[in-house]
1. Given the criteria modelled with pLDDT of 85 or more and over 23 Å from the mean Cα position of the chain (by Cα), does residue 92 qualify?
Amino acid sequence: MVLSDKAFLHIPFAYKMPSMENAMTTIEQFTGIDPQAKAELQEACNKLAGGVPFTDDEKAKARERINRIREENRKLFGESDIAVQLIRETRDIA
């Protein structure tokens, strides 16, 4: 069946809410992220979305912070080799 271009003009529009009274309400929830860290993350995301490149200094600071956090996690939780185990299990299944 071939439809003409005019057939698409009669498709009903999506439902539109009559007022904000019926809109879903939102509440502020604590995400577990430190507010300062959350602000820094949001700033970085905005920068990425805007296509603004990071400076070499910003990249170096990020690497230092990531390495520090990785080392802290290693001390807290020990060495983790879960990925290796999962890859081996996946190979065995296939």
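The values are calculated or read from the model by the stated rules, or taken from the named source; none is laboratory data. Predicted model only: the values in this text are computed from it and were never measured. So basically every Cβ, Gly included, is an ideal-geometry build from the backbone, and we count neighbours across all protein chains shown.
1. Values: modelled with pLDDT of 85 or more: no; over 23 Å from the mean Cα position of the chain (by Cα): yes.
For residue 92, the condition - modelled with pLDDT of 85 or more and over 23 Å from the mean Cα position of the chain (by Cα) - is not met.
To keep it simple, each residue is scored yes or no on (1) modelled with pLDDT of 90 or more; (2) aromatic (Phe, Trp, Tyr); (3) touching a helix residue (DSSP H, G or I) at 6+ places or on another chain (Cβ under 9 Å); (4) not in a helix (DSSP H, G or I).
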residue: 3; (1), (2), (3), (4): no, no, no, yes
residue: 13; (1), (2), (3), (4): no, yes, no, yes
residue: 30; (1), (2), (3), (4): no, yes, no, yes
residue: 39; (1), (2), (3), (4): yes, no, no, no
residue: 51; (1), (2), (3), (4): yes, no, no, yes
residue: 57; (1), (2), (3), (4): yes, no, no, no
residue: 60; (1), (2), (3), (4): yes, no, no, no
residue: 73; (1), (2), (3), (4): yes, no, no, no
residue: 88; (1), (2), (3), (4): no, no, no, no
